Structures are given as C-alpha cells and as structure tokens.
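One structure below.
Every number in this text was worked out from the coordinates using simple rules, so none of it is lab data. These figures come from a predicted structure and were not determined experimentally. Note: ideal-geometry Cβ built from the backbone for every residue, glycine included; neighbour counts use all protein chains shown.
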Protein chains: 2
Amino acid sequence: MSGDPARRMRWWGWGDDAHDAALPDAAANLLRDELGWTEGPVRRPVALDDVRLPDPRLNDALRSRLVEAVGSDAVRTDRLERVLHSAGKSYPDLVRLRSGDALEAPDAVVYPASHEEVVGVLAACGDEGVAVVPFGGGTSVVGGVDPVRDGFAAAISLDTGQMDRLVSVDHRSLTATLEPGLTGPRAEAWLAARGLTLGHFPQSWEYATIGGFVATRSAGQASTGYGRIDELVLGLRCATPAGDIAARAFPASAAGPALRELVVGSEGVLGVITEATLAVRPAPAECHYEGWSFRSFTEGAEAFRMMEQSDASPDVARLSDEEETRLSMAMASTGSATERAGRAYLRARGHEGGCIAIIGHEGSAEEVARRRSRTREALKRGDGLPLGQRPGRAWLRGRYAGPYLRDALLDRGVMAETLETATSWSHLESLHAQVAAALRDALRTRGTPPLVLCHVSHLYRSGASLYFTFLARQEEGAELDQWRAAKTAAGEAIVAGGGTITHHHAVGRDHSPWMAREVGPLALDVLRAAKERLDPDGIMNPGKLLPTAAGGRPAGTT
Amino acid sequence: MSGDPARRMRWWGWGDDAHDAALPDAAANLLRDELGWTEGPVRRPVALDDVRLPDPRLNDALRSRLVEAVGSDAVRTDRLERVLHSAGKSYPDLVRLRSGDALEAPDAVVYPASHEEVVGVLAACGDEGVAVVPFGGGTSVVGGVDPVRDGFAAAISLDTGQMDRLVSVDHRSLTATLEPGLTGPRAEAWLAARGLTLGHFPQSWEYATIGGFVATRSAGQASTGYGRIDELVLGLRCATPAGDIAARAFPASAAGPALRELVVGSEGVLGVITEATLAVRPAPAECHYEGWSFRSFTEGAEAFRMMEQSDASPDVARLSDEEETRLSMAMASTGSATERAGRAYLRARGHEGGCIAIIGHEGSAEEVARRRSRTREALKRGDGLPLGQRPGRAWLRGRYAGPYLRDALLDRGVMAETLETATSWSHLESLHAQVAAALRDALRTRGTPPLVLCHVSHLYRSGASLYFTFLARQEEGAELDQWRAAKTAAGEAIVAGGGTITHHHAVGRDHSPWMAREVGPLALDVLRAAKERLDPDGIMNPGKLLPTAAGGRPAGTT
C-alpha cells in the first residue's frame, strides 16, 4: 500500500540506486580547480536504522478513526514510511536526512484512495487535533512537505499515491480530468495511450505528481510552449476541513474573482486537491531540440525577448549565461576531435566565451517545421548561431539528471543548490547580476567561494525567469548555516531587484519570509482569512506558505 | 468636474444624441412580420425634471469629510449627476429610467483624482457608515453600479473619471500602467501616441473604463487574439477600506495563490482599483476583416474548433447562427444588385440559409498575411466559403452600434436584450439549443414570441462563448416581469447545460442568484471572508456579486 513502487525514492536523496550518478572526472577536476575542493573520503548517509525519529504520537482514537476512513493497510507507521515522509528533497532536507535527522517525521502516513477517503481523513484529524501534510511525490525543494507540528498533538502525512487514475478525457475540448497522485510518467502514459500529452515536465517530473504541480503552481521545462500548470488548470476539486470547493472547467468566465486561482498554488494549506481538469494537447509526433550560440548573455536575452514578443517562441527556450556555458562545456569535455572542431567553429565566429541556448519544438511534423522556421529567423536576426541537434539531444538526455548529480556532490562534500525568479525584460539583466553577486559575496565571505551559474528558463511577453545554480565546498559542521547565508542573500537580492521570490519552486517553509514582502501584509491577511474559513482549526500543512510566528523550526536549523 | 465630457451618456439611454440611431425601414418591417409588432406612437423617456429621485441623505458631517478628501468641486449632488449615477445601462435600468424611476440614485457623486483621494473617500464613508459604489463608465448591463443602500444611511457613487492618466509605459516589457477612469478611446489614444495598443474592445468601449474592464473581468471583441482582460492584467493596486492591496507585475510567479485574481472581477465589492499594469502590443499597422460563410452553425463551430486547436485563430472570430445570419441579412437588405448577386453566390454553393462568420486579423502587414494564410487554410478545411472584406468592413462600422439601436427599439416598444455564456466544445451545441429554446418558451408563454439570435464570440482551446440577443414586443406595464421571466429561463438553462452564467458581462445584481450555484456555497463563503477582511463594515458596493438576503430590491422590480 504505497502506490506505484516506481515513485519511491531513496529516503536520503533523489531517485533510486539504479540511477546513481557518478561524479564525472571532468567535474571532479573542475571542482578541484574552481572551488578549492580536495578529494576526501566519500561521506555516505547514515544507515536507515540509525536515523533519529520522534516517538510516534498516534493515539488509539486517531488510529481507529484513520483505519475507519482508509482501511488498516493504508495507515502506515513503519520506520521507512515515516522517514520517507519526514521531508522533501531540498538541500537542507538532504543534509539533515543524510546526517540521520528525521526528527520531524510524521506520526503516521495515510494513503486515501478517493476523494471521500480524503474527506474522512480530514474529519478524523480535525476532531483529534492532528496536523495533516498533503504529500504527492515528496519532491519539494522549499520545505513544502515537512510535517511541522505547530502545536498540534501529532502530524500525519496524507500521501495521494493511491489516487492515481485518469478520471476522464474530453477529446473534443482537449481536456483531461486526473487524480492528484498520478506521477508525471504515469499521467503521460495514460494520456499517450489516448494520443494526448499534458506537456508538463519539471525536472522533478519522474516523481512529482499532478496534485503537486497544481498545489505549487509549477512550471515545466516546456512551459514556454505548453503553458505553466496555472494556465493548464481549467477546473479542480479540493477537499477542505470545511467542505468541498469545486471549480468547474469553463474555458473562461466573468463570474467574479477566479476562485480556482486561490487553490492553485495553495500548497496544501487550504485542503487536498483531489481532482484536476487540465488542458491537454495531441501527443507530439516530433520533438526537435537544437543548440544555438550567442556572443553574450545580453545578446541572447535580447534575441529571446524579440522572439517571444513576435510570437515566434519554441516550446523549450533556455539560455545559459557565460558561466553556466563555460562550466557545462568543461563538465562535458572529452577532448575529442569533434569537441575541438566545435570550439574552433565558435572561436572563428567570435562566439568563444559566449552563451549556449537550447531550443525545442514539439508537435506534428508540419507544426515543428513551420514554427522552427520562424524561431530560426528570429534567433538569426538576434545574431544567434545554430549549433545543430547534438546539444539539444544532450540536453534531453540530461534533463532530469540534476538532482542525481546533487547526491553525488553531497557524497564528496560539495553543496549544490538552485533557486529561481522571474522579472520583466527591463529588469532581467540587472537582476541576473545582482543575485549572482549576492550569492558570490555571501559564500566568499564564509571562505567558500562558489560557482554561480544561471539560465533563462521560461519566456513570457513581459519578461522571463532566471534559474540559478550554485556550487561551493560544504562547511563541514555548518552546512545549514552556510546554506542559509547564501539563500538569504539571494532572497534579499531578488526582492530588491524586482523579482518574484519563486517562479516555480513555490513558497513552502523556506520562502515564507519573503512571501509577506512580495504580496504585502493585507493580501497575506486575505489569504489567512480564506484559510480560517476553509481550515478553521489550522490543521492543513501548518507552517507553510503563510509566515507564522510558530512555524516550527526555521528552515535550515538542525 | 465630471472627467472627460465625451464619457457622459444621456441619462436615459446609450451614447449621446448626436449618435441617435434611427430604426431602419427593413428592421421595422421585419419586427412587424416576425414579432407581431405594430407601429404605435413613439414612447419617449420622461423629462429629466420629472424623474423621481430620493431626497438626498448626505449629512453635513459626511459632506465636509468628502469635501476634505476631494475638494468641493468634486462632490456633486445635482439632479443630472445623481440620475446619471443611479443605474447602469441594462434593459431593466433603461426601462426604469425612461419611466422616470431613479429611486436608487446616490446621495452624492464623488470624483477623487488620485489613489490617496480614494483612500480619503473610503475612510470618510467607513466612519460615517455610507455605502460606496465604484463607477467607471457606468456601462454595466447586470446592475453592477446601482447604489443599493443595503441598510446604510446613505450611498455615494465614487466616479473614477478624474483618474484618467497613463502612469507609465515599459516599451521593452510591453506593459503600461493606467489609471482606472481612462475610457477605452482615451486609453487607446494615449497608447497609440506611443505606438502601442491594449487591443481591448468590448461593445461598451466608447464609454467603459480600464477600472471597469478589470473589475468585471471583461472580454473585448478582439480578445480571441489579444486575450481577455484577466490575461492582460499583470499588476494592480486596489484601495480597500482596510488598506491597499498591490499585486506586482511579474510575468509569472509560484509565490502562492494568485491574489491578483481575487481583485480582477471583484466588481467593487472589495475596494477601488486605482491602477492597473496591463500587457500591451505594438499598434497594428494593418487591420483586415473579412466575411466567411458556413452551411450550418454546426459546421461553422466545428471549423472554429479545429482552427483554434491548431493555433490558427484570428484576433476576432465570430460565427452567427442561422437565425442571427438571417435577421442581420434582412436588416441590412437594400435589394441592390450586389446583394442579389451575393445571395445567388451563396445559393449556388449550397450556403443558402447558412451562417456568416467574421474573421479579423490585426498586426504588421507581415503578421496579418502570415496569420491570415493559416486561418484561411483552417476555415477552408472546415468547408468555409470566403466572402471577402465587405462583410468585415460592415461589421467594423457597426461594432459599437448595438446599444444605440436598443434605444431606438425601446422607443418603439420592443425589448432588446443580450446575454452570454461559455462552455466546452463538447457542450457548445446542446447549450446553444437549450438556451435559445428556454428564451423562446418563456416569451412565447407570455404571448410575446421572440426572435432569438446567437453567435460564437470568443474562442478558447477548450471551448467558446455564446452570445445571445433576443427581441420581443414589450408587455406594456409588465416590461420588467417579462424581462425577468426570460432572463430567469436563460439563466436556468445555462447552469443546467454546463455553461458559466457570464462570459464577460460580470455578475452585478442580476446574475448573483446563479453565482452561488456556479461556484458553490463554500467558495462563496471564502469570497465573503475576503470581503469581511478588506471591507469589515461592508460599505463597498453592497448587493453586488455576492448574493445576500438584504441585497436591495431584486433586479427587475419597480
């Protein structure tokens, strides 16, 4: 009773052991050169049996209520289940877990199999005063699924893994109604069997769920073309402690404020999304991915802006800055003749030290050809240099690899973390510079000068997103302080520079200090008023999204 | 002190006397034949001096507070101002006004000139317990600006006409920040001077305002291409009795629920929108409008669906059903040789008795040519027959004429009313049939068999909107009962048939009974909770949007 076995990740890291990533030699050399890192003994996580768990506080009354709601097989209290649900997959989560700290583990993990069972679980927890943490794929990188007790007697994880059906498809209207626990691959498999695709591929896609996408307002790698999840959600159903909210799937409406938009991005603090009706598209017959080069990030961003504003954008559009380009070329370096020829080609055209872009088109052969021709025209007008499909194919192969590599780096004592923002085209370059500088300063000050890489990952007519990756030697024994210093510096730079604190990772616990500054105290109060109405006892995912005085231990403390 | 003089409509009808529409002979003949209407004496509205107004209940304390907030010139209590702000422009509004009933007129009309002055007005009204009705162009057709007192001592209209500036433009990001009182033409003139357009053209465009567009979640005639106002609003500022809400203009964000979406469509019940940052586009160099014919509504709707789902839609896409096509051809008939040739052309191709569509493209010459070629291909594949630019030009000439014609019909004792919905492609045809049948039955039962016309007005990947017009002989002395019977029948059919109660006219007072059924009681409670937080004394636009027990007199009563 734990849903699709493929969705189980190893408790201390990403994915399963079969996909373990070795650190390539080129990467090791680079870390040595650039981070002052030295090879030491591999730091492995503690054994599962050595993980520290709180004593379970599931009293008999609650247990029998839960069993009544979902059946005894679906109420789990064993060590592995509790550890697996004790955190998401953020850097601080992994640091804590690897060291054996699962002190926030839930008292039980419950697997409802239907909307009605979810309602039963919420009623039981409401009556017994127990916190409920909705859990999809558990891939949160912002502390979104940590079982913060926040004064409650106990906390359970409500895992949606048993709610993994395709409810219905409307081929004429190109919509599909899906249950929340479907993982990315399962949802795509159901849809593919019907000739359709959702086209939503975040890096967490292999494990993340439909419910998680909707609850975190996620963007996928192809969302420039397919649209963000908030553009794909037409209708939904949400079970709250006070009852159901159902937003019907109209193509558009002027019947008051869009209440659907209150549930999308609500991160489990209002209730559990039990169904979503999403826009789908015909499954693409062709996927064409290619590389482009620009002399500079400035030039590439300007080409992207012109392309987007003339409606010539592809489905995937990514532009690495100079540093990310340099690093990824170095990491992939094999010293082959092809590689040397490639470098010579770039040098001859004045593109040495420039920036690589990935451009992807999906659709029917006719669509891909037609759209590609407009994209190419726009990129050439912006002085882009086409590099053919090889870089595109390489990117496709590695598109979900980042989190596996992070585990390999943690094994070697290297911090690897990512964060993202979005801003207007007018602020894009200054924000890029300010956030990178803030990260560099914060970590240099601590004696661990980082590598800071960035790419534009999603395009909009009015602006774009920036996705930062930073790497530094871990401060052994002060890993979380080090992380918090970098995260805080970046958050402050983002808010000061006109960006949103998150473009697609959501708020969770880690971003809540900036949430208030971004939306303002009154808007936050409105959200609190909505929560009080839907969740009067405050049992739903305490300590997330809404900054509270009693939000559990701050992110990154041990 | 009443803003742009061009925005003043005649108090009893639409537009100004200079644009008075005469009823064409062909139309009069048609009404005679089809509605059993007989020419009688023209029924003109009563004289302004004979309009019945409530005694003004503006006490000295409130008056001096208002004068303090906005200056004495900006606090108006004269007859014309009060009558002009006593209602919107719905059919029941006009029936009442023409008969001399302005018994809901506000006690004063206040013209703040800035966000700060709005804040001052709200504070004064909060302290004195006075209802505040935000008023833009006053073009509501759903009772959105009626000064419902709802137990308050007095009610004022807060007219945004003095807040009519373009605040700023960001050419790189293609955004503009506008004040709420700018009318459609003024906003477009400001933007055109900078080479830009908002592209938002509802039929009320000549008088409606930016604030009204945002507050009612409006769609314009070209919104299939440019996007609805809710797709164009990136940021906004709203003054509420509890303070300001400011949603920053990010291109996208995952920082929790979209609180902006709570203000868009809030119809003045939460506060006054004092600024909006909107996506704009380069002003089109070319506007190309053309007519198409389909053998049936079914065939045309299917062609539109295929066109929209293959991303080949134009900016304007309208498809009249058989009845609307027949009526508009008859109304426009001159018996000319050209017209006879046109009919022969349609007959020869099996399109007699079919449906006319209007297809409009705007943009650079290159864009229009490129997009037109894809649209044409899609429509031809759907068995459409191109009719050239003449029908397109005729539609453009008459695009804002409907409401003027309604006045001419009211003069002759003919009811003319419109209503709209949207639904999925799967439900489109059945909803079309059900709503039309409900209107016909309801009015036939009353002995006034109607003409019921409909067109598809906006396309979405998952569905489309349906816009109904109905005409019937007025039941003299029971005009509002007659209207209510038709409106109720249509509303019930819409909800039962899977449509939204409004696609772009908003909720106001007239749709609030169906609002609860559409969103459900709990979602409505959440909206109430938001209102209680932002407007604790309930002074903001009472009786609108949210169904209340004490919502003033029901729509359509005298």
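At-a-glance table
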item: Order of B:L451, B:L534 under a 10 Å beta carbon neighbour criterion, fewest first; result: B:L451, B:L534
item: Per-residue average of Cβ from other chains inside 10 Å of B:369-381; result: 0
item: Total charge dipole magnitude, the range A:402-503, about the Cα centre, Cβ charges on Lys, Arg, Asp, Glu only, Debye to nearest 20; result: 200 debye
item: Rounded tilt (10° steps) of A:425-445 against the dominant C-alpha axis of chain A; result: 80 degrees
item: Kirkwood-based Rg to Rh ratio, the protein assembly as shown, C-alpha trace; result: 0.99
item: The range B:76-104 versus the range B:36-64: alpha-carbon centroid distance in Å; result: 5 Å
item: Equivalent-ellipsoid semi-axes of chain B, from the Cα gyration tensor, Å, largest first; result: 37, 28, 22
item: Nearby aspartates and glutamates by direct alpha-carbon distance to A:K531 (threshold 16 angstrom, same-chain neighbours under 8 apart not counted); result: A:D150, A:D244, A:E261, A:E267, B:D525, B:E532
item: Translational D in µm²/s for the range B:402-505 (Stokes-Einstein at 4 °C, 1.567 mPa s, Kirkwood Rh from C-alpha pairs); result: 93 µm²/s
item: Which of B:L178, A:L480 has the fewest Cβ neighbours within 10 Å, and the rest in rising order; result: A:L480, B:L178
item: Percentage of interatomic Cα-Cα distances in the range B:119-197 larger than 17 Å; result: 58 percent
item: Burial ranking of peptide ranges A:144-151, B:505-512, A:383-390 (average Cβ count within 10 Å, highest at the top); result: B:505-512, A:144-151, A:383-390
item: Eligible lysines near B:K89 by straight Cα distance, threshold 18 Å, same-chain separation 8 or greater; result: B:K487, B:K544
item: Cα-based helix-to-principal-axis angle, B:479-496 vs chain B, degrees rounded to 10; result: 70 degrees
item: All Cα pairs of the range B:286-397, percent lying beyond 26 Å; result: 15 percent
item: Shape parameters for the range B:439-558, alpha-carbon atoms, Rg then Dmax in Å; result: 16.5, 49
item: Inter-part distance where the range B:461-529 and the range B:404-457 are each reduced to a Cα centre, Å; result: 12 Å
item: Number of partner chain Cβ atoms within 10 Å, mean per residue of B:239-246; result: 3
item: Directionally averaged projected area (convex hull, Cα atoms, the range B:255-334), nm²; result: 10.6 nm²
item: Average beta-carbon neighbours from other chains, 10 Å sphere, peptide A:504-513; result: 2
item: Degrees between helix B:337-348 axis and first principal axis of chain B (Cα, 0 to 90, nearest 10); result: 70 degrees
